[in-house]
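First up is the structure itself, then whatever we jot down about it.
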Amino acid sequence: MSYLTDNQNNDYLLMGNEAIARGALEGGVNVASGYPGTPSSEIIEALSSVAKERNLYVEWSINEKVALEVAASASFAGLRTMCVMKQNGVNVASDFLLHLASSGTRGGMVLVACDDPGALSSVNEGESRPFARLVEIPLLEPGDFQEAKDITKWAFELSEEIRNIVMIRSVTRMSHASGNVRYERLPDTNAKADFRFDGPLSDPETGPVISMVVGISELQHVPQQEKIKKAAEIFEDCPFNTYEGPEKPELLIITSSACTLYSREAISLLNVKDRVGILKLATTWPLPPRLIKKYLSVTDRILVVEEVLPILEENIKILAAEMAHEIGPKTFYGKNAGNIPSVGELNPDIVVSALSTILDVRVESVSESFVKEAAALIETGIPVRGLTMCPGCPHRASLWSIHNALEMDGRKGFVCGDIGCYVAGLWPGGFNTVKTLHSMGSGSGIAGGFGKLRQFGMDQPVLSICGDSTFFHAAMPALANAIHHKSPFTMIILDNRGAAMTGFQPHPGTPVNAMGEAVPSLDIAEICRAMGATVEIRNPFDIEETQQTLHHLIEHQEGTKVLILSQACALSPERKDNPKYRMKVDEEICIGGNCGCNRLCTRIFGCPGLLWDEEKGVSKINDIMCTGCGVCADICPAGAIKREEVAEYVG
Amino acid sequence: MSDNLLKDPYNIIITGVGGQGNVMASRLLGNMLVGRGYYVTIGETFGASQRGGSVMSHMRISKKSIWSPQIPEYKADLIIAIEPVEGIRVLARYGNPAVKLLCNSHPVYPSSVIRGETGYPSPEKIESSVRDLAPDTTFMNATEKAVSLGNSILAGIVLLGTACGAGVLPLDREDFHETIVNRLENQQVELNMKAFDMGFRLLKN
């Protein structure tokens, strides 16, 4: 039995994502779907690990829109269902989400969106919260780990009460942080699915399930808005909205999510708990007006503490303006007033700084000399640790070949990048090869567009890169579009056999699904050929053959071509602790700084499996880091790096 | 072993480089403490952007409640550094003159050092600058000990052992054993126990 399915009221240390998964189990979830993305992936992983035991259907879908559609079908058939994605995924799912919010749901349906303030593991810190307002559905934000579980469980009930999808928003410091969670009992697992459609169109329980009918908005939009009003009414008495502090505080903090914990800490550090109260909101859209009025009435000064955009702040201000004749004028502190930044994640120190200014108090800390000495040490004494690819990463070998082929071609060719570990192609570690980077699949869409600019005199060779999971997620339409429009570019698929960046989740090209069952795997090469592309497949660790193929593809630029560079991720189960070669530097042959290469292996190629021995002035292998891919042997112009086959290697 | 917390909340930061087993170490330590009836809050950064990058796990131990998953600046009580430069980075932002620092002396070179753009401080420089800021510092080559057991990833467990043996945590050897029996595969238990014991003896009175 997994610790996730203990049926006693025990205490566990759970990651926020595990707490959400446990809440779904306690809420009787039957179906769960999602697309991997940091910081959301552990929710579906946790549920898939107990799928058999709890009679669940769990799926890693091809992308977030399809995931939401899969989850919705279960709701239409009366089951409880959950769909999970990172914030960027909500953009992908949003087309269907708008329609779904309009048709409404039957069995309880919960959308979990995990935002990444500060973009710790994302291309941007885009917000999912505005979608709740845009599509008119309730938004819940847990303020700690226990609430992450409890609110998820409650969200299914709320969804069934208002007959619409409910959105839960988490953030990295909730999803990837851990804390104590006390369990409640798990329900029975004998749900039966039945899709009813014989009733009239107007009957939400028995009629067909459809989005807006053209021209008769009252049929759906009026009832949809009734649902959101009902949610606001329920939120007035929601036990997850809490107040702590004096009856008449000098300053009221209104906050939600992880910011609740930062605010509490700041109040404790400054020792101002007799002066400041915290209204912690779990129901951040729609806001319950009577509750807000009650707490806006306790003081005239309000600080709103939230991450990224001032969404809560603005919604509170609208209510305050409407109530002004009853509650009087208020002074607001927050993002607009400049107390809280509008970019990046918050922490206790930022809230301390805001409170210090507003209340004119100071925190006790270390001596000034300690602060100065520490700052000087960081500035002068230690190197920064830039992001790079892992030792033995196939992307390093692929980008090396791509970079060299483009340089030798000399026509200022470039690569349109995509979302995956290969974003490192932007930086020196990836040889500064990538020149555009946006959303999933965009590299190939943009490359297809560049290909058509020959009409305007552009003759630069155009390449795109994307991973195998990204290919299925969003790059297939871009490829089809380019082929149809005869756009001359080469799409390079970096196939490392799974969604490696987020932890090797399966995708339609892998032979197992989320629940570990054998499933048909779709052959990427065959799909591309069926679309009409010419397809080549190479092993990126074979540098010479890969570069020759690239020269050929770049030189002959007619039509849309696909090059699949196929090699498993260095962290994958098949390559981890399974080196193909034992690498060694022949110190007699390596002439280091005197070689014309000027230490090409470490200075340019830069695999963390290599080191530069300052004393001897030669290259050497870092045996702890090296994964034995053998590529550096082909990089060294002097042939000083040697590979020796490992007898125990499992190929 | 200390029967009570030396402070409430007691703040621990485990730091290192992505792939060094930071998350595993914080998880094991957290589970040991929850088993002892404490509230534990852990905040950490991991994901693709942390591969080969700096990683930190912030841990708050309390008898009363959970706390913020980010420790305020200069408020760490114990820093466990699996990589020396990362130890310095954390010490400078979260340390204070009373902090206890347990530091692996085995470096993992950043890509800028491998490329030759910047240097990596010498062991002597690291030791002197760290001791200036944090007199209560213990250096050890935990990676060397881990490699002697067959896997460098065990360095974090060696350091965890040292922390538990140092008498600053309300934990004993048996707490670690109980936790890994519940959390790890059977064949890993003995190896992890050996790594833990190597560290445990180091500062044990």
Express the Stokes-Einstein translational diffusion coefficient of chain A in µm² s⁻¹, to the nearest whole number, given a Kirkwood radius over alpha-carbon pairs, 37 °C and a viscosity of 0.692 mPa s.
-> 119 µm²/s
To the nearest 0.05, the calculated FRET efficiency linking A:M458 and A:K642 through their beta-carbon distance, R0 being 60 Å, is 0.85
Two pseudo-spin positions, 7 Å from Cα along C-beta at A:V371 and at A:S73, lie apart in nanometres by 6.0 nm
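List the trypsin sites (Lys or Arg not before Pro) within the stretch A:547-630 that fall in a DSSP loop (any state other than H, G, I, E or B) and whose Cβ has at most 10 other Cβ atoms within 10 Å.
Numbers: sites: A:K561, A:R575, A:K576, A:K580, A:R582, A:K584, A:R599, A:R603, A:K616, A:K620; in loops: A:R575, A:K576, A:K580, A:R599, A:K616.
Here no loop site has a sparse enough neighbourhood.
To the nearest 500 deg cm²/dmol, what mean residue ellipticity at 222 nm is calculated for chain B from DSSP H runs of n ≥ 4 alone, each contributing -39,500 (n - 2.57), summed and divided by the residues? Before the final figure, lay out each step's value.
Values: 8 runs with 84 residues, N = 205.
So the calculated ellipticity at 222 nm is -12000 deg cm²/dmol.
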Could you point to the residue in B:N182, B:I13, A:A568 farthest towards the positive end of the protein assembly as shown's charge dipole, with +1 and -1 charges on the Cβ of Lys/Arg and Asp/Glu respectively?
-> B:I13
Report the label-to-label distance for A:D577 and A:H438 in nanometres (one decimal), using points 7 Å from each Cα along the Cα→Cβ vector.
-> 4.4 nm
Report the full-extension gain for the segment A:E250 to A:E157: residue separation times 0.36 nm, less the Cα-Cα distance, to one decimal in nm.
-> 29.7 nm
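Between B:R131 and A:I318, take the C-beta separation as r, use R0 = 51 Å, and let me know the FRET efficiency to the nearest 0.05. Please report the intermediate quantities before stating the final value.
On the way: r = 56 Å, r/R0 = 1.10.
With R0 = 51 Å, the Cβ-Cβ based efficiency is 0.35.
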Where the centroid of each part is defined by its Cα atoms, how far is the stretch A:486-560 from the stretch A:6-66 in Å?
-> 30 Å
Expressed as a whole number of Å, what is the distance separating the alpha-carbon centroids of the stretch A:323-402 and the stretch B:131-189?
-> 31 Å
So who's got an amide H within less than 5 Å of the one on A:M491, skipping anything under 5 residues away but keeping other chains? H placed 1.01 Å off N, in plane.
-> A:S464, A:K561, A:V562, A:L563
Which Rg and Dmax, in Å, describe the Cα atoms of the stretch A:581-645?
-> 10.4, 29
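May I ask which of A:K620/B:K125; A:K372/B:K75; A:K153/A:K294; A:K227/A:K317; A:K248/A:K335 have a Cα-Cα span longer than 18 Å here?
Details: A:K620/B:K125 23 Å; A:K372/B:K75 16 Å; A:K153/A:K294 28 Å; A:K227/A:K317 23 Å; A:K248/A:K335 24 Å.
Cα-Cα > 18 Å for A:K620/B:K125; A:K153/A:K294; A:K227/A:K317; A:K248/A:K335; rest within.
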How far apart, in nm, are two points set 7 Å out from the Cα along the Cα-to-Cβ line at A:H551 and at A:K52?
-> 5.3 nm
May I have the pair-distance distribution P(r) for the stretch A:394-566, computed from all Cα-Cα distances with 5 Å bins from 0 and rounded to whole percent?
-> 2, 9, 19, 23, 22, 14, 6, 3, 1, 0, 0
Overall form of the stretch A:136-216 per C-alpha gyration tensor (a/c, 1.5; a/b vs b/c) | oblate
Normalised per residue, the volume of the convex hull around the Cα set of the stretch A:359-456 (Å³) | 227 Å³
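Percentage of Cα-Cα pair distances in the stretch A:513-619 greater than 18 Å, rounded to whole percent? Numbers along the way, then the final one.
Details: 3942 of 5671 pairs.
Within the stretch A:513-619, distances greater than 18 Å cover 70 percent of Cα pairs.
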For chain A, calculated [θ]222 nm from helices alone, where every DSSP H run of n ≥ 4 adds -39500 (n - 2.57) | -9500 deg cm²/dmol
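Given a Förster radius of 41 Å and the C-beta distance between A:D203 and A:V343 as r, what FRET efficiency does 1/(1 + (r/R0)^6) yield to the nearest 0.05?
On the way: r = 47 Å, r/R0 = 1.15.
Efficiency, from the Cβ-Cβ distance: 0.30.
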What ³J(HN,Hα) values, in whole Hz, does the Karplus curve 6.51 cos²θ - 1.76 cosθ + 1.60 give for the stretch A:518-525 when θ = phi - 60°, with x put for Gly and Pro?
-> 6, 9, x, 9, 8, 8, 4, 4
Rounded to 10°, Cα long-axis angle of helix A:87-103 versus longest principal axis of chain A | 50 degrees
Taking amide hydrogens as modeled 1.01 Å from N in the peptide plane, which residues meet the under 5 Å criterion relative to A:V434, leaving out close sequence neighbours?
-> A:L426
Which value, in Å to one decimal place, does the Kirkwood hydrodynamic radius take for the stretch B:10-200 when every pair of different Cα atoms is included?
-> 16.6 Å
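Of the GluC sites (Glu not before Pro) in the stretch B:48-134, which ones lie in a loop per DSSP and count no more than 15 other C-beta atoms within 10 Å?
Details: sites: B:E73, B:E86, B:E117, B:E124, B:E127; in loops: B:E73, B:E117.
Hits after loop and neighbour filter: B:E117.
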Going 7 Å from the Cα of B:L6 in the Cα-to-Cβ direction, what parts of the stretch B:85-121 have a backbone nitrogen less than 13 Å from that spot?
-> B:96-102
Whole-Å semi-axes of the stretch A:443-506's equivalent ellipsoid, largest first, each the root of 5 times a Cα gyration tensor eigenvalue?
-> 26, 11, 7
With axes computed from alpha carbons, what is the tilt in degrees of helix A:145-162 against the longest principal axis of chain A, rounded to the nearest 10 within 0 to 90?
-> 70 degrees
Once phi for every residue in the stretch A:411-422 is put through the Karplus expression 6.51 cos²θ - 1.76 cosθ + 1.60 (θ = phi - 60°), the whole-Hz ³J(HN,Hα) values, with Gly and Pro written as x, are 9, 6, x, 8, 10, 8, x, 8, 8, x, 4, 6
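Name the GluC sites (Glu not before Pro) in the stretch A:534-641 that are in a loop by DSSP and that have at most 11 other C-beta atoms within 10 Å, would you?
A:E558, A:E574, A:E588, A:E614, A:E615
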Quantify how strongly other chains surround peptide A:370-383 by giving the mean number of their Cβ atoms within 10 Å of each of its Cβ atoms.
-> 6
Mean 1/r over all different Cα pairs, inverted: what Kirkwood radius does the stretch A:242-359 give, in Å?
-> 14.0 Å
Magnitude of the Cβ-charge dipole (Lys and Arg +1, Asp and Glu -1) of the stretch A:88-200 about the Cα centre, nearest 20 debye, reported as 160 debye
Residues meeting the amide H criterion for A:V618 (H placed from the backbone, H to H distance under 5 Å, 5 or more places apart or on another chain) are A:D613
Net charge dipole size for chain A [Lys, Arg +1 and Asp, Glu -1 on Cβ; Debye, nearest 20] | 740 debye
Applying the Karplus parametrisation 6.51 cos²θ - 1.76 cosθ + 1.60 with θ = phi - 60° to the phi angles of the stretch A:433-448, what ³J(HN,Hα) value in whole Hz is obtained for each residue in order, glycine and proline being reported as x?
-> 8, 7, 10, 9, 8, 9, 9, 3, x, 5, x, 6, x, 5, 4, x
How far, in nm, would the chain grow between A:L522 and A:D194 when pulled straight, counting 0.36 nm per residue and subtracting the alpha carbon separation?
-> 115.0 nm
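Throughout, read-outs are computed from the coordinates displayed, never taken from laboratory work. These figures come from a predicted structure and were not determined experimentally. FYI the Cβ positions are ideal-geometry reconstructions off the backbone, even for glycines, and counts take in every protein chain you see.
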